[in-house]
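What follows is a set of notes on a single structure, which appears directly below.
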Amino acid sequence: MSIALSGQDKSTLRTAAYGAVSLMAAATGSPHKAATSASIALTSATGLVGHVLAANAKDIELKGKTVAELADRVLPALAAAMKLLGKQAPAEAGNFRSTILLAIEAAQVHQDKPSTTTAEMARKITAALDAAGAATADSGAAPAAAAGQDRPELQKAIEEIVDSGFAGVSLRVHDERGEWVGSAGVAELGGAAKPPTNGYVRIGSNTKTFTATLVLQLVAEGKVGLDDPAADHLPEFGLDERITVRMLLQHTSGVFNFSGEVYDDGTVVPGIPAPYGTTGKEWVGNRFKTYRPQELVELALSKPARFEPGAGWSYSNTNYVLARLLIEKVTGRSVAEEMQRLILGPLGLSGTVVPDASPEIPEPHAHAYYRYEDAGEQKTADVTRQNPSWISSGGDMISTTQDLHTFISALVGGKLLPAPLLAEMCTPHPTGIPNMDYGLGVFVLNTDGGTVISHNGGMAGHAALMYSTPDGSKTLTAALNCVDDADLAIATAFRYAQQRLVNEVFRGGQADPAQPEHL
């Protein structure tokens, strides 16, 4: 559906959007940072809303006003913007609402401590959006962002995932019907509040897709070759000269997984203390310990390789820590700096964090839990705060469902990589798992609904899903929180969650054979 907006209509949208940013910035202790973060969120919007907000907005005059004066002007503008879009393009009304909420969340990231002032301002902004959406619905027009109303099958799916064993789920779907966002379950054990629909989550092995993209961008810049021996760039580790950069990204190097290996005969060889297997209790007690990437690689290389380079496929976090070290070696900058330069900055991913060894996670977020046995007694710890350096670039990043959608749709849409390198990334290599091949940092799934590009991740009580059609026209991103444990008791529910959502979004609700999970 195409609509034409007058100059006044566009002015209303811009005043509402940038006014909301100004209100939040004025209420924080770091107004410049708040305004910058929130503005990035606005300009990363997609569709008609993104086009309007990204334009040079000379018609906005918000400087030199008090917070009260701003509120008097901006809150009615928010309502007017929602009514305008709700009548002409309900999907864009939902997009506008989601964009504003993402912006006001981004404005609060740099606060040293929670503020009642900013919380109240966020409440007023949200109330203005929702009141306008409700008024539009009452008038007979389609409601904006009608979570669980216009797509009852999606709301039902996430409620069933909660029933299968997860504490909470938030889901974001972009398809031919527009954007749908919803949540189910609880953000915190013992609480009643649902998980935030665009909260922060530890995305686990989705980090690998970001890392692989970054390496391929350096290939495009001529700083490294896909078929270079990794040892040429990282001579200090004594790597097998046959291991190439491609093999690291493809999991065909054969290097031992520093977080532990399970062999075909059932033999378990532990690595560092990790949340899974025999080291779970030790991990809980040391979850704030800092590991350096070199330390993880050296431990892995002290163990026998699983197979000769290129002779098999085995999922190994070590490959991606080596990829991180390679990025830092060939650029002379940290992986966080390069991620900001080539991915986060260009895409406006203000909700995505490369934490290194920091245990913090921004608000809002659902809580992650870990169950373990101590002296014969079952205990459950809140592990939302943890030092992710134990997994490093194998799975340490934090993001939101909105940022994951923006990232995967931009990636497969050709906005981050030249076409030949994107083709290399999505070329399937057999893993031995039925209908589930691996490219370079992505799984390539074959379903009855067609090919799907994906990566999922789990991080001790948090999990994230990320799926897209090869052209980026349909995406599914989700954040999940649960009570995890050393035996991976949640694994069955995790498989169910993947299957249930892929079936609903990409296969029209049809059943599909079970697919293993990879965290």
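Some points to look at:
- Screening D396 with (1) in contact with a strand residue (DSSP E or B) (Cβ under 9 Å, 6 or more places away or on another chain); (2) without any contact (Cβ under 8 Å) to a residue 12 or more places away in the chain gives one miss only, at (2).
- In the range 39-54, the residues that are under 9 Å from T99 (Cβ atoms) reach residues that are open to solvent by 50 Å² or more (accessible area, probe 1.4 Å) and of a type outside the set (K, R) with C-beta atoms within less than 7 angstrom, at least six apart or across chains, in these pairs: L53/T43.
- Failed condition for Y372, given (1) closer than 30 Å to G439 by Cβ; (2) in contact with a Gly (Cβ under 7 Å, 6 or more places away or on another chain); (3) open to solvent by 40 Å² or more (accessible area, probe 1.4 Å): (1)
- The range 272-300: number of residues that are among the hydroxyl-bearing types (S, T, Y) and surrounded by fewer than 16 Cβ atoms within 10 Å (Cβ to Cβ): 2
- Qualifying residue in the range 347-361 (condition: part of a helix (DSSP H, G or I) and either in contact with a strand residue (DSSP E or B) (Cβ under 8 Å, 6 or more places away or on another chain) or of a type outside the set (S, T, Y) (or both)): yes
- Residue match in the range 414-434 (condition: among the hydroxyl-bearing types (S, T, Y) and within 13 Å of A212 (Cα to Cα)): no
- Taken over the range 91-118, residues that are more than 17 Å from A17 (Cβ to Cβ) and either touching a Cys at 6+ places or on another chain (Cβ under 8 Å) or at pLDDT 75 or above (or both) amount to 1.
- Here the condition is being open to solvent by 20 Å² or more (accessible area, probe 1.4 Å), out of contact with any helix residue (DSSP H, G or I) (no Cβ under 7 Å at 6 or more places or on another chain), modelled with pLDDT of 95 or more and at negative phi; of T427, T401, it holds for T427 alone.
- The helices (runs of 4 or more DSSP H) located wholly in the range 243-326 that include 3 or more residues which are closer than 21 Å to V383 by Cβ occupy 280-285.
- The set of residues from the range 198-235 being open to solvent by 40 Å² or more (accessible area, probe 1.4 Å) and of a type outside the set (D, E) comprises A220, G222, K223, P235.
- Sole exception among (1) free of Cβ contacts under 8 Å to residues at least 12 places away in the same chain; (2) surrounded by fewer than 21 Cβ atoms within 10 Å (Cβ to Cβ) for G312, by number: (1)
- Residue pairs meeting the criteria (Cβ under 7 Å; at least 6 apart or on separate chains; first among the basic types (K, R), in the range 325-349; second part of a helix (DSSP H, G or I)): K329/H233
- Restricting attention to the range 192-242, the residues being in a helix (DSSP H, G or I) and touching a His at 6+ places or on another chain (Cβ under 8 Å) number 5.
- All positions within the range 432-457 that are closer than 30 Å to P273 by Cα, at pLDDT 95 or above and open to solvent by less than 20 Å² (accessible area, probe 1.4 Å): Y438, G439, L440, G441, V442, F443, S454, H455, N456, G457
- Hits in the range 161-197 - residues which are open to solvent by 50 Å² or more (accessible area, probe 1.4 Å), touching a residue at least 40 places away in the same chain (Cβ under 8 Å) and touching a strand residue (DSSP E or B) at 6+ places or on another chain (Cβ under 9 Å): E188, L189, T197
- Any hit, the range 260-267, residues being open to solvent by less than 40 Å² (accessible area, probe 1.4 Å), free of Cβ contacts under 8 Å to residues at least 40 places away in the same chain, closer than 16 Å to A323 by Cα and in contact with a Gly (Cβ under 8 Å, 6 or more places away or on another chain): no
- Within the range 5-44, the only residue that satisfies the criterion of being surrounded by fewer than 20 Cβ atoms within 10 Å (Cβ to Cβ), among the hydroxyl-bearing types (S, T, Y) and in contact with a Leu (Cβ under 7 Å, 6 or more places away or on another chain) is T43.
The values are calculated or read from the model by the stated rules, or taken from the named source; none is laboratory data. Since this is a predicted model, take the numbers as computed values, not measurements. Because the Cβ atoms are built from the backbone with ideal geometry, glycine has one as well, and the counts that use them run over all protein chains shown. Just so you know, the surface numbers come from the protein's heavy atoms only, side chains and all, with ligands and any DNA or RNA stripped out. Shrake-Rupley method; radii C 1.70, N 1.55, O 1.52, S 1.80 Å.
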